[in-house]
Amino acid sequence: MTVTNEDELDGLKAIGRAVADAIAAMATAVRPGITTAELDEIAGRVLDEAGAIPAPKASYGFPGIACISVNEEIAHGIPGDRVLKAGDLINLDVSASKDGFFADSGASFGVSPIPTRLDKLCRDGRRAMWAGIGAVAPGKPLAGVGRAVGAFARKNGYTLVRNLGSHGVGRALHEEPSDIATWPDPRERRVITDGLVFTVEPFLSLGAEWAEDGDDDWTLYSEPRAPTVQFEHTIVATRNGPVVVTLPS
């Protein structure tokens with residue numbers, strides 16, 4: 001999607017707030033003993049109160065409201081009876097639509113208390129995302145996002161999962177531009193245009209370089225197995241800087 005007026009931007013911000021509020025409510029409830037299904041119910045209530053429709057379920061038939069991935073699961077985890085315990089690493093990925101607009105966001109958290117290295121991984125995962133967002137501006141190369149994230153990862157001794165990328169969003173959950181690398185990709189030749197709406201969502205890891213399929217039709221796992229975090233915002237490229245629409249109320 002390309003934003004062309006304030007009404008469209010307001011529509012994106014409205015659904016972006018709903019998505020961010022759902023993640024915030026889930027994150028507050030993360031503790032040892034809670035199940036991923038209970039966290040999913042929280043996301044459902046927040047989105048319902050906002051008049052928002054869960055996008056994975058509506059668009060793809062995903063068997064849950066949010067994608068909730070724990071430890072070795074790094075994306076598209078199915079909510080269920082898995083019980084969180086201290087030291088777990090959990091990713092909350094929420095996307096939804098309202099009034100024809102879509103937003104997508106995600107964040108990773110440790111179930112307290114967690115080892116220092118995992119706490120640092122979470123903090124650095126967020127920093128990696130912001131490094132990528134900082135490279136966004138109309139007229140700049142789309143590859144700049146991956147270069148910025150890659151520079152951060154290399155400087156701090158991390159790897160990046162290289163087969164899960166960012167994507168266009170706005171009028172659908174996944175739009176063009178598709179397969180936006182959040183790692184250095186010399187093949188990327190596209191240019192960011194004014195008003196372009198897309199996600200920035202690096203997967204920062206302590207050793208993984210790929211995501212691989214599991215036993216179900218959805219869940220993806222780190223390869224090789226290693227702690228991995230994902231952070232994601234939906235942003236709009238503007239001449240005044242990137243506008244992040246997935247911010248909580």
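The values are calculated or read from the model by the stated rules, or taken from the named source; none is laboratory data. Everything quoted here is computed from the prediction, not taken from an experiment. For neighbour counting, all protein chains shown are included, and Cβ atoms are generated from backbone atoms with ideal geometry for every residue, glycine included.
Descriptive notes on the structure:
- Of the residues making up the stretch 124-163, those that are closer than 22 Å to LEU220 by Cα and among the charged types (D, E, K, R) number 3.
- Of the strands (runs of 3 or more DSSP E) contained entirely in the stretch 156-249, those carrying at least 1 residues that are at pLDDT 95 or above and exposed (fewer than 14 other Cβ atoms within 10 Å of the Cβ) fall at 175-180, 210-213.
- Every residue from the stretch 219-242 that is hydrophobic (A, V, I, L, M, F, W, C) and under 16 Å from the mean Cα position of the chain (by Cα): LEU220, VAL229, PHE231, ILE235, VAL236
- ILE53 being surrounded by fewer than 24 Cβ atoms within 10 Å (Cβ to Cβ) and in contact with a strand residue (DSSP E or B) (Cβ under 8 Å, 6 or more places away or on another chain): yes
- Residue within the stretch 24-34 that is within 24 Å of ARG225 (Cα to Cα), touching a Gly at 6+ places or on another chain (Cβ under 7 Å) and assigned to a loop (DSSP other than H, G, I, E, B) present: no
- Unmet criterion (only one of (1) without any contact (Cβ under 8 Å) to a residue 40 or more places away in the chain; (2) of a type in the set (A, V, I, L, M, F, W, C); (3) under 25 Å from ASP10 (Cβ atoms)) for MET129: (1)
- Yes/no for PRO63 being touching a residue at least 12 places away in the same chain (Cβ under 8 Å), in a loop (DSSP other than H, G, I, E, B), crowded, with 21+ Cβ neighbours inside 10 Å and in contact with a helix residue (DSSP H, G or I) (Cβ under 9 Å, 6 or more places away or on another chain): no
- Near pairs, Cβ below 7 angstrom, 6+ apart or cross-chain, from the stretch 96-113 (more than 21 Å from PHE62 (Cα to Cα)) to any residue that is aliphatic (A, V, I, L, M) and part of a strand (DSSP E or B): PHE109/ILE90; GLY110/LEU89; VAL111/ILE90
- Which listed residue, of GLY132, GLY80, GLY150, GLY146, is outside any strand (DSSP E or B) and closer than 30 Å to GLU49 by Cα: GLY80
- Members of the stretch 40-60 found to be in contact with a Leu (Cβ under 7 Å, 6 or more places away or on another chain) and assigned to a helix (DSSP H, G or I), listed by number: ALA55, SER59
- When the test is whether a residue is more than 27 Å from LYS57 (Cβ to Cβ), out of contact with any helix residue (DSSP H, G or I) (no Cβ under 8 Å at 6 or more places or on another chain) and among the basic types (Lys, Arg), ARG171 does not pass it.
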